[in-house]
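One structure is given below, encoded as C-alpha cells.
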2 protein chains.
Amino acid sequence: MTKARLFTPGPTPVPEETLLELAKPVTYHRTAEQKETLKEVLEELKYVFQTQNDVIVLTASGTGGMEAAVVNTLSAGDKAILLTAGRWGERWRGILKAYQANLVVVEMPYGKAVPPAALEQALKEHPDTVAVFSTLSETSTGVVHDIQAYGKIVASTPSLLIVDSISGLGACECRTDAWGIDINVTGSQKALMMPPGLAYVAVSPKAWRVIEGKPNRRAFYFDLKRYQAKLAENDTPYTPANTLIKAQKLSLKRIRQEGIENLWSRHALMGAMARAGVQAMGLQLFSETPNNGLTVITVPEGIDGNAILSKLEKKHGYKLANGQDNLKGKIWRLSHMGYCDPFDLIGALSALEYVLLEAGYPCSAGASVAAAQKVLSTKLV
Amino acid sequence: MTKARLFTPGPTPVPEETLLELAKPVTYHRTAEQKETLKEVLEELKYVFQTQNDVIVLTASGTGGMEAAVVNTLSAGDKAILLTAGRWGERWRGILKAYQANLVVVEMPYGKAVPPAALEQALKEHPDTVAVFSTLSETSTGVVHDIQAYGKIVASTPSLLIVDSISGLGACECRTDAWGIDINVTGSQKALMMPPGLAYVAVSPKAWRVIEGKPNRRAFYFDLKRYQAKLAENDTPYTPANTLIKAQKLSLKRIRQEGIENLWSRHALMGAMARAGVQAMGLQLFSETPNNGLTVITVPEGIDGNAILSKLEKKHGYKLANGQDNLKGKIWRLSHMGYCDPFDLIGALSALEYVLLEAGYPCSAGASVAAAQKVLSTKLV
C-alpha cells in the first residue's frame, strides 16, 4: 500500500472540511451571502496578517499579488531596494525589472539571510528609495528573514516595506502592523491550508498614500484602488474565484480556533523537531537561519538526492520538494506547515531515515525520530 | 422544500464528477502527472476553441485574460478599434484606457449588436489599427456578435482580431482558426462547466508576431511569452490553480464526448426554446440578436423586476441574474449554458411563469412550457 502525503512547501495538505466545501454546488458570486462570506474571510485574514490595514483578495497566484505590490507603488525609474537571497527574491527582481524600477540590490548567497545592517546601509545611501522588497520565508533555501528588524529600519523613512510572505504567513511569526509592513503579500496554498488560486495583499495607509500619488499607473486587473473601492460593500471588481473564497473561510476558522500564537508555536515546535531529527541523522541544514514551516536539508555526499526523493514518493507516498534550478538534486525541502501536526512530521522523518538506510547512508536506526520525539516531549502538558 | 438551481450567466452549474474532483487531496504542481493533465487540458481546450494555435492557461478571472490580450499587443498610443454594445465591451474600454491605447470606438446601444459594416468603415479610416477588440456574447444584454463577419474583414489587414468569448465559448458557435480570431479569451466558469478562477487565451501566429514586436511591454504575470516558453514542457511559469486544472479536465471530457457541433446544437435548441417560452408569455426579448447561451428578457410594465427575481430564488430556488448598473430591475437574464439541458430549462420557464402569474401578470398558464416543449419536440429522434 502506498498512501500519498504532501510535504511540499506549497501546495500543502488541505483540511477535509475545506475540500468538501469545494465539492458543493457552485453559487452566484454577487449575492448577500457571498458578500457576508468575503467580509468574514477578510476579517479572519486581518487576524492572520495581524493587521488593521485593508486586505485585498486577488484571484491569482502569489506572483500576481507581488506584481500588484510593484505596479501600484512604483513608476518606471523609481528607486527600489531589493533584498534577495534566493529564488523568491529573484522573483521580485523579475517583476521589478519588468516594471523598469531603478534597482538597488542587496544580495546574499543561497542559504544565508540578508542582514538588517545591509538594508540600513543601503537606505542611507539611497534615501530616495520608494520601496524595499523582501521575503519572509525564502522557500528555495529554507531561510527566514528578520522582517521585524527591517521594519524598524524602514519605518523612520519615507520608504515602504513590501514583504512576500507567501510561504511564511501563518507558519513564521509575522506581525504586519507591529513590524511596520506596508504591503504584505501572501497566498492561499501554504500555511492558510487551501489549494492555489488566491493571493492576499494587506496595504497600509502609508502605502495607499504612495499609490494615490501614482495616478498614471498602468494597471487594471492588479490595480489595488479598484479593489479598495469595493471593500466597503464586501465585493470585488472582477469575478472572483468564489468557491475558493468560501473554502478559505473554513481553513481560516481552524486558525482562529487554534489562535495565532498557538499556530506560530506549533510551527516552531515542528521546526525544532525537524531540525533535531535531521541533524540526528548527521545531515546538514542548508539554511543558516532556518524557518519553522520548512526544513531544507543538504543532500550528503555519496547519496543521489533525486533518487531518494523518487523512492520516498513512489514507494512510501511521501512527497517532498527537490531543489530548484542549480540546487536540483543538492537539497531536499521538507515542509511542515499548515494542516500538518507533529505526528505527521514524525512519520516523514521515519520515511526519510528508512530510505537513507536503504541507500546505505550511515545513520543509526531510530535516531531521527527519537531526537524529534525528545523535542516534542518538552511540550507535554 | 427549496432546491437551489443556478441559471446565472456565470458561474454556471458544475457537473458532479468535476465537483468531486475538487474535493480530492491536493497534490504538488510540478510533477509528471500534473504536466500530463495540463497537456490534456490544453488539447481539449484547443478542440473547444477550434484552433491549432497556442492556448495559455492563466490563474485569473476572465478580465485577467482580457488584460493579457491588451498588455501584450499594444504599446501606449497604439491605435485600437473597440466594438462595444454593453458592459463587457466597456470592460475592454476600461482596460484599453488603463493601457493608454489610442481608441477608436464603434458603439451601439445596449440590446443591439455592432454591425460588421461599421467595423469595415472604421478599419478603412484607421488602417494603422493594431487590434480590433470585440465580444462574442455580450452577457449584459444577451447579444451575440457576428465574429465570423468581423474575422473576414480583419483577416486581410495587418490588424489583429481580439475576442472576449468568456461567456460565449462552448455555447455559441465560435471557430477560432476558421474565423480568423487572433486572440480568443475565455474563462472556466461559463459553458466550460467549472468554478471561476481560470482564464484561457488562444494566440495565433499573427498575434505572436505583433507581441514579439513589443519587447518593452511592461508585464510579468500576464506576459504571454513567459507562458508560451513553458508550453513545450507542459508547464506554467507561476504556481497555477492546479486543482482547478485537474477538475477542468473532467468537464472538458464531457464536451469531447458530446462533440463540439452537438454542444452548439444543444445550446441552439435551448436558446430557441427559451425564446419561444418567453415570447409565449407575451414577454419581450431585450436583445435584437439573442445568443444561444443566455436569454435576456425585458421586465414588462407594471411588474417589479427585482421582486420577481427575489421570489424565484427564495421561494423556488431558481437563481437568475438581474440587469447590471442602469439595467437593474429592467431586465432578467436567464442563462442556459454549460451543464444545463432542455429539461432543466423547462423547469426554469415553469417557475418564471408561476411567479409572474402570482404577481398578476396576464399570461396563460402553461403557454410558456408548451411553446418551449413544441420547439424541443422538433428535435425528437
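Only one residue in B:E358, B:E288, B:E301, B:E313 is closer than 19 Å to A:V26 by Cα and modelled with pLDDT of 95 or more. Which one?
Working: B:E358 fails: closer than 19 Å to A:V26 by Cα; B:E288 fails: closer than 19 Å to A:V26 by Cα; B:E301 fails: closer than 19 Å to A:V26 by Cα.
Being closer than 19 Å to A:V26 by Cα and modelled with pLDDT of 95 or more holds for just one of B:E358, B:E288, B:E301, B:E313, which is B:E313.
Kindly indicate whether B:A98 is at pLDDT 95 or above, within 14 Å of chain A (Cβ to nearest Cβ) and in contact with a helix residue (DSSP H, G or I) (Cβ under 9 Å, 6 or more places away or on another chain).
Details: at pLDDT 95 or above: yes; within 14 Å of chain A (Cβ to nearest Cβ): yes; in contact with a helix residue (DSSP H, G or I) (Cβ under 9 Å, 6 or more places away or on another chain): yes.
Yes, satisfied.
Among the listed residues A:R226, A:R218, which satisfies the condition of being part of a loop (DSSP other than H, G, I, E, B) and within 12 Å of another protein chain (Cβ to nearest Cβ)?
Details: A:R226 fails: part of a loop (DSSP other than H, G, I, E, B).
Exactly one residue qualifies, and that residue is A:R218.
Looking at (1) surrounded by fewer than 20 Cβ atoms within 10 Å (Cβ to Cβ); (2) out of contact with any strand residue (DSSP E or B) (no Cβ under 9 Å at 6 or more places or on another chain), find the lone condition where B:N322 falls short.
So the condition that B:N322 fails would be (2).
Among the residues of segment B:225-235, is there at least one that is more than 30 Å from A:A23 (Cα to Cα), touching a residue at least 12 places away in the same chain (Cβ under 8 Å), buried (at least 24 other Cβ atoms within 10 Å of the Cβ) and of a type outside the set (S, T, Y)?
No, segment B:225-235 contains no residue that is more than 30 Å from A:A23 (Cα to Cα), touching a residue at least 12 places away in the same chain (Cβ under 8 Å), buried (at least 24 other Cβ atoms within 10 Å of the Cβ) and of a type outside the set (S, T, Y).
Would you be able to say whether some residue in segment B:56-77 is in a loop (DSSP other than H, G, I, E, B) and more than 14 Å from chain A (Cβ to nearest Cβ)?
No, segment B:56-77 has no match at all.
Restricting to segment B:18-42, name every residue that is surrounded by fewer than 14 Cβ atoms within 10 Å (Cβ to Cβ), free of Cβ contacts under 8 Å to residues at least 24 places away in the same chain and more than 7 Å from chain A (Cβ to nearest Cβ).
Correct list: B:A32, B:E33.
Residue-wise test of (1) assigned by TED's automatic domain parsing to the domain that holds B:H145; (2) touching a Gly at 6+ places or on another chain (Cβ under 6 Å); (3) not aliphatic (A, V, I, L, M).
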{"residue": "B:A272", "(1), (2), (3)": "no, no, no"}
{"residue": "B:V278", "(1), (2), (3)": "no, no, no"}
{"residue": "B:S287", "(1), (2), (3)": "no, yes, yes"}
{"residue": "B:K311", "(1), (2), (3)": "no, no, yes"}
{"residue": "B:H316", "(1), (2), (3)": "no, no, yes"}
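Scan segment B:3-15 and tell me whether some residue there is part of a helix (DSSP H, G or I) and either facing chain A (nearest Cβ under 9 Å) or farther than 21 Å from B:W88 by Cα (or both). Explain how you work it out, then say what you get.
Within segment B:3-15, the subset part of a helix (DSSP H, G or I) is none.
Checked against the condition, which is being part of a helix (DSSP H, G or I) and either facing chain A (nearest Cβ under 9 Å) or farther than 21 Å from B:W88 by Cα (or both), segment B:3-15 yields no hits at all.
Which residue, of A:V130, A:V114, is among the β-branched types (V, I, T), touching a helix residue (DSSP H, G or I) at 6+ places or on another chain (Cβ under 9 Å) and under 28 Å from A:N322 (Cβ atoms)? Step through it out loud before you land on a result.
Working: A:V130 fails: under 28 Å from A:N322 (Cβ atoms).
After applying the criteria, what remains is A:V114.
For B:R175, state whether it is within 13 Å of chain A (Cβ to nearest Cβ), assigned to a loop (DSSP other than H, G, I, E, B), surrounded by fewer than 24 Cβ atoms within 10 Å (Cβ to Cβ) and not hydrophobic (A, V, I, L, M, F, W, C).
Working: within 13 Å of chain A (Cβ to nearest Cβ): no; assigned to a loop (DSSP other than H, G, I, E, B): yes; surrounded by fewer than 24 Cβ atoms within 10 Å (Cβ to Cβ): yes; not hydrophobic (A, V, I, L, M, F, W, C): yes.
For B:R175, the condition - within 13 Å of chain A (Cβ to nearest Cβ), assigned to a loop (DSSP other than H, G, I, E, B), surrounded by fewer than 24 Cβ atoms within 10 Å (Cβ to Cβ) and not hydrophobic (A, V, I, L, M, F, W, C) - is not met.
Condition first: at positive phi, touching a residue at least 60 places away in the same chain (Cβ under 8 Å) and assigned to a helix (DSSP H, G or I). Can you find one or more residues in segment B:324-334 that meet it?
Of segment B:324-334, the ones at positive phi are B:325, B:329.
Pick out the ones that are also touching a residue at least 60 places away in the same chain (Cβ under 8 Å) and you get B:325.
Applying the additional criterion that residues be assigned to a helix (DSSP H, G or I) yields B:325.
Yes: one or more hits.
Quick check on this structure: which one of A:L42, A:L19 is touching a strand residue (DSSP E or B) at 6+ places or on another chain (Cβ under 6 Å) and either assigned to a helix (DSSP H, G or I) or not assigned by TED's automatic domain parsing to the domain that holds A:L312 (or both)? Explain how you work it out, then say what you get.
On the way: A:L19 fails: touching a strand residue (DSSP E or B) at 6+ places or on another chain (Cβ under 6 Å).
Exactly one residue qualifies, and that residue is A:L42.
The values are calculated or read from the model by the stated rules, or taken from the named source; none is laboratory data. Note that the coordinates shown come from a computational prediction; the quantities given were computed from them, not determined experimentally. Because the Cβ atoms are built from the backbone with ideal geometry, glycine has one as well, and the counts that use them run over all protein chains shown.
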